[in-house]
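Asker: Next up is a structure, given as structure tokens.
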Amino acid sequence: MSKQVTITINGTQVTVPDGTLVVDAAKMAGIDIPVFCHHPKLEPVGMCRMCLVEIGRPMLDRNTGQVVMENGQPKIQFMPKLETACTNRVSEGMVVMTTSDKAMDGQKGTVEFLLTSHPLDCPVCDKGGECPLQNLTMQFGPGRSRFIYDEKLRLEKQVPLGELIWLDRERCIQCARCIRFQDEIAGEAVLGFDERGRNTQIVSLSDPGFDSVFSGNTTDICPVGALTTADFRFGARPWELKAQASICTQCPVGCNTTLNTRREAKAGGDIVVKRVMPRQNEEVNEIWLCDKGRFAHHYLESKKRLTRPMIRKDGKPTRASWDAATKLAADNFAKAKKDFVLLASGRLSNEDLFNLKSLADTAGGKAILYSDMGGGELTQLVGVGAGTNIGAMGKGDAILVIASDLYEEAPIWWLRVKQAADRGATLIVANPRETKLDRFARYTIRYAYGDEVKTVSSFGKKSKISDEFAKAKNAIVFFGSEGLGVNGVSALASSCASLLKESDHVGRPNNGLIGVWQRANDQGAFEIGFRPEANLAKALKGRAVYIVGADPAGDSPALAKALDGAKFVAVQDILETATTEIADVVFPAQAFTEREGTYVSGERRVQRFYAAVPVKGSSKPDFAITSMIAKQMGIILEGTSPSVVFDILANSIDAFNELNYERLAEVRGQWPIVGRGDLYYGGTTYENTQGLGVQLVPMAQVMGTVRIPKVRKEAALRPKEKELLAVPVNKLYDLGATVRSAELLGGRIGEATIFLHSSTAKKLGVEEGKPAKISFGGVSVEAVVKFDDTISTGVALAPRSMGIPIREPVVSKVK
């Protein structure tokens, strides 16, 4: 425990850790000191001078160095001038006065100076109602300005820093919060100051503008209306919005969010999600969100939303009643017996997946997870221990990231791993090509695609890297699917699990294995018993197939062909897809914003989400639809209450024992203290009042020891002359169903692309920026060529979910 010191603030004694900033110490004691430039997540700079206070320190005898006493008390000596509370750290016996006449005069003077050229446009400013400057002006500002109106500086009002963030230069108070966030937290210094004095302006230093996946966070911490998001500006007033807790569904991190909703005239009077805001959870996403999680919610209002059950008659989909649709599906599933296959994705909640698995088990069918990744059974054994917090990792700890580009696959994990490295953790990045995490790594390892297991096994040999990993106090391994299919990822996960076990990094907090899954609840699917299939087309062909939350026909011609040869196809989804178009029956499901449920994050943290908007049409929760089908088959499954389904799940699966909705909704105090009562301190982030979630305990932590199952490694593919090894990689902004309808992200999604080494492209006679044909497995796809000289010659990188149907490494030809 750090050394504690006692100080006095406004006559109240406060005990805080030594070295705490005065402004933070006051916050801990429930005393608010106004700030603009200070943010508890950023390094102090003392730029705005809003936090001016009187600070006195015990006087020391120059001869003895002892505290001078007066009437039995330390004699306090105050500096003649005010000091900034955001740059001074506490020391024993310090006395701080924040509301003295002298301090108040200094704070009022700062506000007056800030307003000299600030536009008086609060009535039309998006920040109005949640603006620190507006609030502090009401508290500290003068009723009348002493400055001449004609001398106000007039600057550009609508400046696009990028396609997602707009800047109003007149409103900027040069606090540099946005610049410092991008530099210190995100590690992407894409913003800076230009000009000087009164003409100082924020500018983007990158091409394209504001080139960062964390840009939206700057609008949360901006203390004025200078930075706004492109999809919310001029869209609503903060006081019109309702707030509901939720969980981001775009990746396995499980970021805590708040959905702001409002009745919308443009939506025909419906209540819609107007914006997605971060909700504080210091063990998950802290107070940050990536731009995908913030802006990719627009699919919820897509015109392709399914709202009624449909049955195919005479080759055409026609409306049907719920009873008729569920009976048709039930009859065909029952008739199929062992040829009944259920295919579900990690987009679904635990409650949905549990009912689906129960149906498959009871009916004698097979439950398959729609994923290109295996290895979830290993994270159940040696996943990170309960109590894990990457934010607490630093010097003496180690983190290995292999076969994953975290920046593209799980940006908030990228952020937290990068910060752990900043604090001194040994970061090891192993990947066949360069990634953005490399520059923060102590060690980078390059290997050929197909040599992932060999690379991890080499940690067992004596080397500087392996020694540092083995001797680390705590160690976590992130494994991904770069260049791998289901079997390849399974083999890699087994190898990583063995490494952790052999180095004694399992069974306790901040130690263990994390899968960088493709979807939000893939880990939950593994926990419930779903497993992926390496040869999915074979598993579907000739079967009665129940597809939930997946679009295999749209993702792969081979899977579309397999479904064409299926006996019966039932599809359950929220949007029209290529798979719903070929289905015999279609069930409309509710979006996660319209119902309650739970997800399990990649760190095995079970978290609740809540209904925020009304239901679309006659759609129903996935677990309820499954229950209706089951009932038609004579199988009883809970179909009315998600909390009851969760209770049954918790009683059925050991890892979930003793969990319930009430426990998942529990909260505790967090630091920094954020909330919407003093927006100037932590920004517009929402405090967490509806649940921090609970981490599942891995078997290694329960039993003390586990046996790691061996997975047979497949031989690595090596292309011949005039052939290329096409390998799948993951891209943050892709053409997935939940992303492509967000028009705002169109520029970041781009088009189907393959990446080649420039020398490979020259040999093949293809040019950068021009289309080329890539052929493999009887499929030929046209894609634009881009150069990447960090990849090996003879390799073609093909991003998943971008129109190239690739699930695993394949030998291909490009021309």
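Asker: Express the accessible area of the chain per residue in Å², computed with a 1.4 Å probe while the remaining protein chains stay in the model. Don't skip to the end; give the middle numbers.
Answerer: Values: 32840 Å² over 815 residues.
Here the residues of the chain average 40 Å² of exposed surface.
Asker: Turning to a different aspect of this structure: How many angstrom lie between the C-alpha centres of segment 687-764 and segment 479-536?
Answerer: Using only Cα atoms, the two centres lie 12 Å from each other.
Asker: Only Cα pairs under 8 Å and at least 6 apart count here; give the relative contact order of the chain as a rounded whole percent.
Answerer: Numbers: 1847 pairs, mean separation 103.6, N = 815.
Rounded, it is 13 percent for the chain.
Asker: On to the next question. Can you run phi through the Karplus equation (6.51, -1.76, 1.60; θ = phi - 60°) for segment 58-72 and list ³J(HN,Hα) in whole Hz, with x for Gly and Pro?
Answerer: Once θ is set to phi - 60°, the couplings for segment 58-72 become x, 6, 9, 5, 5, 7, 9, x, 8, 5, 7, 9, 9, 6, x Hz.
Asker: Going by average Cβ density within 10 Å per residue, which order do the peptides 596-607, 494-505, 739-750 take, highest to lowest?
Answerer: Highest-to-lowest ranking by the protection proxy: 596-607, 494-505, 739-750.
Asker: Mind checking the full-extension length gain between Met104 and Ala715? Use 0.36 nm per residue of separation minus the Cα-Cα distance, one decimal, nm.
Answerer: Additional length available on full extension: 212.7 nm.
Asker: For Glu184 and Arg531, what does the FRET efficiency come to when R0 = 60 Å and r is the distance between their Cβ atoms, rounded to the nearest 0.05?
Answerer: On the way: r = 42 Å, r/R0 = 0.70.
Plugging the Cβ-Cβ distance into 1/(1 + (r/R0)^6) gives 0.90.
Asker: Suppose R0 equals 35 Å. What FRET efficiency, 1/(1 + (r/R0)^6) with r the Cβ-Cβ distance, do Met703 and Lys461 give to the nearest 0.05?
Answerer: About 0.75, to the nearest 0.05.
Asker: Please compute the length gained on full extension between Leu153 and Asn10, using 0.36 nm multiplied by the number of residues separating them and subtracting their Cα-Cα distance.
Answerer: 47.7 nm
Asker: Any idea what the dipole of segment 467-551 comes to, in debye rounded to 20, about its Cα centre with Lys/Arg Cβ at +1 and Asp/Glu Cβ at -1? Show your work: numbers first, answer last.
Answerer: Numbers: 9 positive and 9 negative charges, 60 e Å.
Around 280 debye, computed over segment 467-551.
Asker: Can I ask one more? For segment 110-143 and segment 272-316, compute the distance between their C-alpha centroids and round to whole Å.
Answerer: Cα centroid to Cα centroid, the span is 34 Å.
Asker: Count charges around Glu92 for me, please; just the other residues with Cβ under 15 Å from its Cβ, Lys/Arg as +1, Asp/Glu as -1.
Answerer: Residues close to Glu92 contribute a combined charge of +3.
Asker: Evaluate segment 123-196: find the radius of gyration of its Cα atoms, find its Kirkwood radius, and give the ratio Rg to Rh.
Answerer: Ratio value, two decimals: 1.00.
Asker: With each label point set 7 Å from Cα along the Cα-Cβ vector, what nm distance links Phe78 and Lys473?
Answerer: Result: 4.2 nm between the two label points.
Asker: Still on this structure, I have one more. Counting just the Cα atoms, what span does the chain cover along each of its three principal axes? Round to the nearest Å and put the largest first.
Answerer: Projected onto its principal axes, the Cα set of the chain covers 92, 67, 60 Å.
Asker: Counting only residues 5 or more places away or on other chains, whose amide H sits under 5 Å from the amide H of Gly387 once H atoms are built in the peptide plane?
Answerer: Gln695
Asker: Could you calculate the contour length gain from Arg196 to Thr64, that is, 0.36 nm times the residue separation minus the distance between their Cα atoms, to one decimal place in nm?
Answerer: Residue separation times 0.36 nm, minus the Cα-Cα distance, leaves 42.8 nm.
Asker: Continuing with this model, one more query. Hey, how many Å between the Cα centroid of segment 365-398 and the Cα centroid of segment 583-621?
Answerer: 23 Å
Asker: Which of the pairs Lys338/Lys501; Lys327/Lys567; Lys27/Lys157; Lys327/Lys561; Lys292/Lys313 have their Cα atoms more than 28 Å apart in this structure?
Answerer: Among Lys338/Lys501; Lys327/Lys567; Lys27/Lys157; Lys327/Lys561; Lys292/Lys313, the Cα-Cα distance tops 28 Å for Lys338/Lys501; Lys27/Lys157; Lys292/Lys313.
Asker: Along Cα→Cβ, 7 Å out, is where each label goes; now give me the distance between the ones at Glu92 and Ser758 in nm to one decimal.
Answerer: 6.3 nm
Asker: If you bin every alpha carbon distance in segment 687-815 into 5 Å steps from zero, what whole percent lands in each bin?
Answerer: 2, 9, 16, 16, 13, 9, 9, 8, 8, 7, 3, 1, 0
Asker: If you count, for each residue, the other Cβ atoms within 10 Å and average over each peptide, how do 71-77, 306-312, 122-128, 581-587 line up from highest to lowest?
Answerer: 581-587, 306-312, 122-128, 71-77
Asker: I've got another one for you. Hey, any idea what the orientation-averaged projected area of the convex hull of segment 4-114's Cα atoms comes to, in nm²?
Answerer: 7.6 nm²
Asker: Per Stokes-Einstein, at 4 °C and 1.567 mPa s, what whole-number D in µm² s⁻¹ belongs to segment 698-739, with the Kirkwood radius over Cα pairs as the hydrodynamic radius?
Answerer: 83 µm²/s
Asker: With a Förster radius of 25 Å, plug the Cβ-Cβ distance of Phe113 and Glu43 into 1/(1 + (r/R0)^6) and report the FRET value to the nearest 0.05.
Answerer: So, using R0 = 25 Å, E works out to roughly 0.60.
Asker: Ok, one more. How would you order 208-218, 508-518, 225-235 from highest to lowest mean count of nearby Cβ atoms within 10 Å?
Answerer: Per-residue Cβ counts within 10 Å, averaged per peptide and sorted highest first, yield 508-518, 208-218, 225-235.
The values are calculated or read from the model by the stated rules, or taken from the named source; none is laboratory data. Please read all numbers here as calculations on a predicted model, not as lab measurements. Using ideal geometry, Cβ is built from the backbone for each residue, glycine included, and neighbour counts are taken over all protein chains shown. Surface areas here come from the heavy atoms of the whole protein model, side chains and all, with no ligands, DNA or RNA. Shrake-Rupley method; radii C 1.70, N 1.55, O 1.52, S 1.80 Å.
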